[in-house]
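Values quoted throughout were computed directly from the atomic coordinates according to the rules given, and no laboratory measurement underlies them. Keep in mind the model is a prediction, meaning the values are calculated, not measured. All Cβ positions, even for glycine, are placed from backbone atoms using ideal geometry, and neighbour counts span all protein chains on display.
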Ligand SMILES: [Ca+2]
Ligand SMILES: [Ca+2]
Ligand SMILES: [Ca+2]
Ligand SMILES: [Ca+2]
């Protein structure tokens, strides 16, 4: 039997041809991929096209296969609960097993509260793979999703390094392109561009004889291409080593390299040294497509064009501009020292009319683990403008941004963003909404966010909203407007009470209603350094020393989140209940303190971690009785 498997693997090896290293990556083909939705009460039958990028890696030596990156979406909004291909099939969670010389079987479960089986078959032939199969619900009135997708063997990793001095054809670190524009020009769907430490400007290129457009030059992302910064690169002992802080890779719009260091975001607005800077350092992928930008510092953009009506894109998104329908994935990036009329750091634009009554729908970008620090807008949205887009923004920090008018950090317009585990700190608005200004939008949600030390000259030191924001497990503290630091300085809603539950709001009066809210001092670790971990006598994560430390006091925000929420990665003892604030539900959540030294012995049934098994544990257990959050089975 073993011989047979080995023989099968050998066949694969031969068929794969160029894969002498034993591993082949396959990139997804947009035009030939569909998802069919059938079933449900009404018996629907809808075919969706699929756009974006995913990478299937097959390691022929180990006989293992996995979907490493899936950033693909259904192109149409139909009856599906999600547009994300990965969410639909939990593809990155599936386990692949080689079952014959041309077939790999992926099995697992979806991540829904009632997970269903997923079965995908990958068939290999001549540098192509076809992916078929889908979900298999246990019962009758579920929707069934069936995928039929094609991917092609991807052969290229393109290397870019500012100081490599070989033949500069992008084929290795020694022969890397010196300019990112050249690497981008030579990339096609499925490729990965690796960029080494150094500074790269949009107006630098040698491979194209097109005219240099100066300030209009931008790094235009490409469909299906991942651009990754933070590599050590040529001249280093381990050129493939990656550390985005140690090997900072900078995309800079400061073409004349004459910008001063940014001391205060507000200084960016009228700085004459920025007259030469690019309007957008980075521009999102084209309509309906997905591209990846991962591990860069984006700085020096200046979208300061002030046209007469109609508006021009050059007034929005100094660091990055994502126009209508653009759905890039932006992760592990720092946006710093960018400016614009609206949306200093980034503009994410949704649907818009492009003339002749033609409408391009909103994109669905993915924005995770990014920091927006010291960006500025002459008018609205110092860091980020979100227009007419339905998206989730996870694990991002908005620190020290400035808007001349409204929304020191963020301006949401007719959009439905969901902010999860985000920090908004030290942002300033010249008029309203020190951190956030919401207008003309019905649904925007903050889950486990910390909004602290933001300032507005007028209404809403933290949030100013003309509709009904939903806040759960959030902390709003030391935000200031012209009324001071009372309740209305933290959340100011024009048309009715916001839905505030399990939050800590300074000056809490109860007037906003809701459940589980408190007004106690959250006891932040260190406000001066924007360290918003919560103090605890049982243990608090100290990010500089990367150790757990113990405090003299314990924050009331620990174990005060929604008891129905999963506690996620919170370390033991975690009280069995999620904490409020940005670190709630994460591995950096402060530990629960029960008035005595931390329990060293873990006892079965001690759900909250106080070393005693009693009714408190039973209560938590009964709240979650019969919940099933099984991971996919191994093998
Ligand atoms: Ca180098
Ligand atoms: Ca400049
Ligand atoms: Ca907890
Ligand atoms: Ca207990």
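Nearest-5 percent of antiparallel DSSP beta bridges in the chain?
Numbers: 72 of 169 bridges.
Taking every DSSP beta bridge with both residues in the chain, the antiparallel ones total about 45 percent.
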In whole µm²/s, the translational diffusion coefficient that Stokes-Einstein assigns to the chain, given a Kirkwood hydrodynamic radius over C-alpha pairs, 37 °C and 0.692 mPa s, equals 126 µm²/s
What is the Cα centroid distance between segment 386-450 and segment 152-175, reported in whole angstrom? 39 Å
Scoring the chain by relative contact order with C-alpha pairs under 8 Å, at least six apart, yields a percentage of 6 percent
For segment 537-574 and segment 584-635, what is the separation of their Cα centres, given in Å? 13 Å
Cβ crowding within 10 Å averaged over residues, with 119-128, 553-562 ranked highest first: 553-562, 119-128
Calculate for the chain the 222 nm mean residue ellipticity that helices alone would give, adding -39,500 (n - 2.57) per DSSP H run of length 4 or more and normalising by residue count, nearest 500 deg cm²/dmol. -1500 deg cm²/dmol
If you average 1/r across every pair of different Cα atoms in segment 518-581 and take the reciprocal, what Kirkwood value do you get, in Å? 12.2 Å
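With the convex hull built on the Cα atoms of segment 128-211, state its orientation-averaged projected area in nm². Display every interim value, and only then the final one.
Numbers: hull surface 36.7 nm².
Answer in nm², one decimal: 9.2.
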By per-residue mean of other Cβ atoms within 10 Å, what is the highest-first order of 171-184, 104-117, 452-465? 452-465, 171-184, 104-117
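State the antiparallel share, in %, of DSSP beta bridges confined to segment 425-553, rounding to the nearest 5.
Values: 6 of 28 bridges.
Of the beta bridges lying entirely in segment 425-553, close to 20 percent run antiparallel.
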Kirkwood-type radius of segment 380-460, with distances r between different C-alpha atoms, in Å: 11.9 Å
Considering the alpha-carbon set of segment 412-555 alone, what are its Rg and its Dmax in angstrom? 15.0, 46
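Going by average Cβ density within 10 Å per residue, which order do the peptides 390-396, 328-334 take, highest to lowest?
Values: 390-396: 19.7, 328-334: 23.3.
Highest mean packing first, the order is 328-334, 390-396.
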Kirkwood-based Rg over Rh for segment 152-276 (C-alpha set), two decimals? 1.01
In square nanometres, what is the average projected area of the Cα convex hull of segment 520-629? 7.3 nm²
